[in-house]
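To start, the structure under review is shown below, and the notes come after it.
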Amino acid sequence: MTAFKFVLGLAAAFQIVSVLLALRLNAIYRRRFAWLFISGAAVLMAVGMLASLWRVWDLTNSVEFHPALWAESLATLMMAILFFAGIATIEPIFKENEEARKLAERENERLNAAVQHTMEEMMIARQIQQNFLPKSPPEAEGYDLAAISLPAEWTSGDYFDFHQTEDGKLIAVIADVSGHGVGPALLMSSARSYFREIVQHYDEPGDILARWNQIICSEIKFGDFITAWVAVIHPERHVLKFAGAGHNAWLLNGDGSAHELEGEGPPLGVMGDFPFRGSGEVSLDHGQILLMATDGIPETENLEGEQWGNERMLSVIHNRRSQPAERIVDDMVDTVSGFAGDTPRRDDVTAIVMKVA
């Protein structure tokens with residue numbers, strides 16, 4: 001009987017130690033709710049063993065040779081030992097998991113900080129690039145000008161600009177670097193600097209594009225290019241000359257008809273020695289509207305993959321021709337955004353509208 005009690009007592013001791021270990025692990029890894037069940041099971045098993053020990057403690061009959069009781073007691077002892085071993089050996093695994101979880105939290109915090117820092121830098125880059133664009137169009141008697149440029153991402157590969165010469169001519173340009181994002185934005189920033197230097201010395205659209213193209217070809221890498229369209233306007237004479245490098249514009253008449261002003265040259269950066277030539281003089285009459293736009297506007301797609309197209313774009317301009325140029329530009333962007341719906345903007349959007357009074 002003493003040996004039987006010793007076996008049950010030893011099992012109870014192992015189980016109590018297991019309970020303490022389980023409760024300790026539960027306190028350390030309290031976020032892991034499985035330990036609540038393990039700890040509960042360990043406590044109940046310990047209570048059961050103590051109850052069995054209590055039940056047989058006062059037995060007077062000899063049970064040393066009772067096979068069933070010995071099998072039960074030995075099984076109870078082995079179960080307690082195995083439970084204790086399992087609890088004792090599983091802690092390093094949970095410790096490794098906890099360390100991995102904390103490491104993942106620290107890495108996540110680091111990545112969030114890096115993303116926040118990157119977003120702040122991109123916001124700064126966007127603001128710097130927006131500062132490169134004219135704050136407002138120049139004033140020209142008898143003309144109403146407005147322009148807008150919206151990036152598809154943080155920064156844009158589109159560009160527009162104005163320059164007034166000493167003899168009163170107005171030079172307007174719109175350009176589009178292939179692609180969008182940071183790379184095209186950096187290239188467009190360089191192209192802007194070149195353009196502003198060129199128009200200090202040239203006022204013929206063909207000459208402007210030819211010189212601009214030579215510089216771009218020496219700086220650009222293979223596969224990149226810039227489409228551009230330049231207009232030189234004589235406000236007093238009501239005429240314009242233009243030249244295009246893979247880019248067109250439109251002149252809308254009062255009756256709604258539109259004449260496409262086609263640029264005959266290739267994009268800038270493709271052929272370094274291309275002889276760009278400007279157009280002849282184009283008369284500007286009362287009520288006409290000159291539209292210069294990048295392909296991000298007509299090529300905007302809706303959820304069905306349908307493009308907005310040139311016809312819709314020109315129709316919006318015509319239907320709002322009685323509005324100021326700034327209102328026309330804003331309404332055009334709002335309309336194309338409504339057409340796209342929830343479709344993400346895939347390209348930069350830039351436009352210049354000039355009304356002839």
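Working out 0.36 nm times the residue gap between Gln323 and Glu166, then minus their Cα-Cα distance, what length gain in nm do you get to one decimal? Numbers along the way, then the final one.
Numbers: separation 157, 0.36 × 157 = 56.52 nm, distance 3.05 nm.
Here the segment from Gln323 to Glu166 would lengthen by 53.5 nm.
With the cut-off at under 16 Å, measuring from each backbone N in the stretch 158-179 to a point 7 Å along the Cα-to-Cβ line of Asp285 picks out no residue. The fewest-to-most ranking of Asp285, Asp176 by surrounding Cβ atoms within 10 Å reads Asp285, Asp176. Could you name the lysines whose alpha carbon sits less than 29 Å from that of Lys169, not counting residues in the same chain fewer than 8 places away? Lys169 reaches Lys135, Lys241, Lys355. Listed from fewest to most Cβ neighbours within 10 Å, the set Val177, Val316 follows the order Val316, Val177. Extending 7 Å from Cα along the Cβ direction at Ser136 and again at Asp334 yields two label points whose distance is 2.1 nm.
The length gained by stretching the chain between Asn108 and Ser315 to full extension, at 0.36 nm per residue less their Cα-Cα distance, is 69.5 nm.
Ranked from largest, the principal axis spans of the Cα set of the stretch 159-244 equal 41, 21, 18 Å. Ordering Trp212, Trp250 by the number of other Cβ atoms within 10 Å of each residue's own Cβ, fewest first, gives Trp250, Trp212.
List the residues of the stretch 168-198 whose backbone N lies under 19 Å from a point placed 7 Å from the Cα of Val239 along the Cα-to-Cβ direction. Within reach of a label on Val239: 168-172. Counting Cα-Cα pairs of the stretch 136-356 in 10 Å increments starting at 0 gives whole-percent bin shares of 8, 35, 38, 18, 2, 0.
Students often check this: by mean Cβ neighbours within 10 Å, which of 97-104, 230-237 ranks highest, and how do the rest follow?
Numbers: 97-104: 11.0, 230-237: 20.9.
Taking the mean over residues of other Cβ atoms within 10 Å, the ranking is 230-237, 97-104.
Between Arg346 and Glu219, the distance separating the two model label sites (each 7 Å from Cα on the Cα→Cβ line) works out to 2.9 nm.
Each value in this text was obtained by applying a stated rule to the coordinates, not by laboratory testing. This one's a predicted model, so the numbers in the text were calculated from it and none came from an experiment. Using ideal geometry, Cβ is built from the backbone for each residue, glycine included, and neighbour counts are taken over all protein chains shown.
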